[in-house]
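To start, the structure itself, in structure tokens.
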Amino acid sequence: MTSAHDLPLDRLDSWLRDHVEGFRGPVAAERFTGGQSNPTYRLEAACGLYVLRRKPPGPLLPSAHAVDREFRVMQALAATPVPVPQVHALCDDDRVIGSAFYVMQFLDGRIFWEQHLPELTPAERAAMFDSMNAVIAALHSVDYKAVGLGDFGRPGNYMARQIARWSRQYRASETGPIAAMDALIDWLPQHLPAESAPGIVHGDYRMDNLVFHKTEPRVIGVLDWELSTIGDPLADFAYHAMSWRVTPEMFRGLAGIDFGAAGIPDEAAYVAAYCRRTGREHVAAWEFYMVYSLFRIAAIVQGIAKRAIEGTAASREAVEVGRLARPFAEQAWELARSVDT
């Protein structure tokens, strides 16, 4: 946590009194540290704790940092089996604090950054992974039209559009040639699987975007819905399951650990549990989705590398993460070539 000097607390306090039921001030704020692209704050008031999530102030791309979309999808999921924080109010008036924001419930739980969960027992790990699997399966089973999200995204041709999007993102952030990325940009559109039934896609479903109960091994909230849309749920699940293909040293992954001793399901068991919960026999194009996921993360970290060079993400961590673009791309291309054989 850091101080929140950038929040005008007097104007915020007045707005909260008018828009959040039961709110009683005065309000104090601290900013969460970490990698959120939308600045996020813990609010403390006489009536309890809240979380405020805002767009960064200043000029932004039209579709970037869409806090209104985050608010809308969590509001729609409130009556479903998917655990989300209760959202209280959305403000699109920049005059209040300088940019659009929303206020939601503060979840008092645990967030884990190391996916192999070294501080827990094997039985606790098994239950945590089972809960994580159950939640993403529940998300992908929601009838998005029935919960009012029929116009939340364009489901048709989703994978082709995503591949094109991340190819453009990569090209815009190239800092040097990566032959594997060039090959993947050609290969992926030529190997598109048949469209699966569309569903709600989180876009970045991973362990550190989940809040677990303080003492029980279960998910109590899914956070960071910035990339959510309507699309192919198998792409969403594969990006989540990519952890089984990368090492703990490379990107907090799971590859190479002793799954039996750890109490963590291996990839095959985890995928089978998801298929059982979502009514699938199997995922026919699983390796394609894994190639795409590794390609996507390569494009993402290449963007981080570019920002580190330009000085807009100049932390040591950003520089180190940026260096992973090449190994991710090479792993993806090696897998793609094995799919072709």
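Of note:
- Summarising the label geometry, the points placed 7 Å from Cα in the beta-carbon direction at Ala123 and Ala78 lie 3.8 nm from one another.
- Loop-located trypsin sites (Lys or Arg not before Pro) in the stretch 70-115, at most 15 other Cβ atoms within 10 Å (DSSP): Arg95
- Cβ-Cβ FRET estimate between Arg95 and Ala46, R0 fixed at 30 Å, reported to 0.05: 0.75
- The order of the peptides 20-28, 233-241 by mean Cβ neighbours within 10 Å, most packed first, is 233-241, 20-28.
- Nearest 10 degrees, 0 to 90: helix 158-172 Cα axis against the chain principal axis: 80 degrees
- Estimated at 0.36 nm per residue, the fully extended path between Leu227 and Asp13 surpasses their Cα-Cα distance by 74.1 nm.
- Euclidean distance between Cα centres, the stretch 183-226 to the stretch 67-103, Å: 20 Å
- What the Cβ-Cβ distance of Leu192 and Thr247 gives, at R0 = 30 Å and to the nearest 0.05, is a FRET efficiency of 0.55.
- Residue-by-residue Karplus 3J(HN,Hα) for the stretch 113-124, coefficients 6.51, -1.76, 1.60, Hz, glycine and proline x: 9, 9, 5, 7, 6, x, 7, 10, 7, x, 5, 5
- Relative to the longest principal axis of the Cα atoms of the chain, helix 67-77 runs at roughly 80 degrees.
- Approximating the spin labels as points 7 Å out from Cα along Cα→Cβ, the Glu114-to-Ser141 distance works out to 3.3 nm.
- For the chain, the longest principal axis of the alpha carbon atoms and the long axis of helix 9-19 meet at an angle near 90°.
- Label-point separation, Asp182 to Lys214 (7 Å along Cα→Cβ), nm: 5.6 nm
- Loop-located GluC sites (Glu not before Pro) in the stretch 87-171 (DSSP state not H, G, I, E or B) with no more than 11 neighbouring Cβ atoms inside 10 Å: Glu114, Glu119.
- Given (i) 35, 27, 15; (ii) 28, 27, 22; (iii) 33, 24, 21, the label whose value is semi-axes √(5λ) of the Cα gyration tensor in Å derived from this model: (iii)
- Computed 3J(HN,Hα) for the stretch 188-195, one whole-Hz value per residue from the Karplus formula 6.51 cos²θ - 1.76 cosθ + 1.60 where θ = phi - 60°, is 4, x, 7, 10, 4, x, 4, 4, glycine and proline marked x.
- With the highest mean first, a sort of the peptides 139-152, 268-281 on other beta-carbon atoms found within 10 angstrom per residue produces 139-152, 268-281.
Computed from the coordinates by the stated procedures, all read-outs in this text should not be read as laboratory data. Quick caveat: nothing in here was measured; it's all calculated off a predicted structure. Positions of Cβ are backbone-derived with ideal geometry, glycine not excepted, and every protein chain shown enters the neighbour counts.
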